[in-house]
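These notes are about the structure you will find just below.
Every number in this text was worked out from the coordinates using simple rules, so none of it is lab data. Worth saying up front: this structure is predicted, and the values here are computed from it rather than measured. Here the Cβ positions follow ideal geometry from the backbone for every residue, glycine too, while neighbour counts run over all protein chains shown.
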Amino acid sequence: MSRIPAATLMEKFIEDGHYPELKKTEAALKTLTNSIKTALESSESKRYVFDKSNLVGRFTAKKIYNVDYIGLNEYLFDVGLLLQVAEIDNKAIKANELYYDMIQDFRLPRTFYVKPNFNKAGKELIKNEFKIPEHWGINEVAQHIGHLKPRAKELTHQYEGLKSKVLLLIENQQKSIKQPIPHKYGSLSLVANQPKYDTSAIYDYLGEWLLIEYGKPNSKLLEHYIINGMLSERDIEPFKTVKEIRLDFSVMTLEDEEKFLTMMDMKKQISASNRVGA
């Protein structure tokens, strides 16, 4: 592994212009996307194609739910899937000091992510000054989004790779207390992710009651069992109540839209096929 200090890696990424370009590109894309959203909000159509830019703007209704987690957990326990999907809800169990202390013996090793912090010089370098020219119409805005998106994707990939290297360097150099690593433009900190617990061990020692009362099913694992035909959306709908419907807006390439729709359709087909064969 490289012996280059984590701070040096971050400084180089900044001084080479990659991080400032990433932050300014992200900010510009947000401004441009919001501009198109505002322009299309009054349209009856929820999908608008920009042929010259190979882009599509989409409004998508997203339901926000209140979930009866205790009821859902009881159902999942009855069908034998609670242990496979349950995670401890840290916010809920912290409110009960006794139970929170009780499960610390089952806590899994901590994991961290890298958080950059910037001083005045660093903030100056990443300051966003992008403004949409007054003479641009919606098609010019879309064209600029199409120009920026591939670069944003490339820079994001580079930055995620850098953070992985920095994380390894900091964890190897600091075995105990995770102090911020200073550099010319600020510092790098390791921030702990939400703690995870060995739910199987909790069940073995305490039984299912704590997982039912303080568990929250992992949504990706629930989706896995729905696709595999072991659950259906209808099984979990009774435990969900819609509290609001949010209208999200996104701009993507036509190819990415096709890939997304194909993936969603395949998931539905596989789920239906597995349910029939169950």
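The table for this structure:
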| read-out | value |
| --- | --- |
| In order through the stretch 31-37: 3J(HN,Hα) via Karplus (6.51 cos²θ - 1.76 cosθ + 1.60), integer Hz, x for Gly, Pro | 5, 5, 5, 5, 5, 5, 4 |
| Across Lys115/Lys216; Lys91/Lys127; Lys62/Lys196; Lys120/Lys243; Lys12/Lys196, pairs whose alpha-carbon gap is larger than 32 Å | Lys91/Lys127; Lys120/Lys243; Lys12/Lys196 |
| Label-reachable residues, the stretch 251-274, where backbone N falls under 17 Å from a point 7 Å from Glu41's Cα toward its Cβ | 251 |
| Computed label-point distance, nm, for sites Phe260 and Lys30 using a 7 Å Cα→Cβ extension | 1.9 nm |
| Gain upon complete extension [Glu171, Thr241; 0.36 nm per residue less C-alpha separation] | 20.9 nm |
| Net length gained if the chain between Gln269 and Asn139 were fully extended (0.36 nm per residue, minus Cα distance) | 43.2 nm |
| Under Karplus coefficients 6.51, -1.76 and 1.60, residue-wise ³J(HN,Hα) of the stretch 261-267 in Hz, glycine/proline x | 5, 5, 4, 5, 5, 5, 4 |
| Length gained when the stretch Glu15-Thr156 is fully extended (0.36 nm per residue, less Cα-Cα span) | 49.1 nm |
| FRET efficiency, Met102 to Ala61 (Cβ-Cβ, R0 41 Å, nearest 0.05) | 0.50 |
| Rounded to whole Hz, the Karplus (6.51, -1.76, 1.60) HN-Hα couplings of the stretch 201-209, x for glycine and proline | 5, 4, 5, 4, 8, 10, x, 7, 4 |
| Dimensions in Å of the stretch 18-80 - Rg and Dmax from alpha carbons | 20.1, 54 |
| Positive-pole candidate from Ile103, Ile245, Asn193, dipole of the chain, charges at beta carbon | Asn193 |
| Greater than 20 Å apart at Cα, pairs in Lys24/Lys63; Lys24/Lys149; Lys123/Lys184 | Lys24/Lys63 |
| Overall dimensions of the chain as given by Cα atoms, namely Rg and Dmax in Å | 23.6, 68 |
| Cut-off 15 Å, label 7 Å out along Cα→Cβ of Phe130, residues of the stretch 22-66 by amide N | 22-37 |
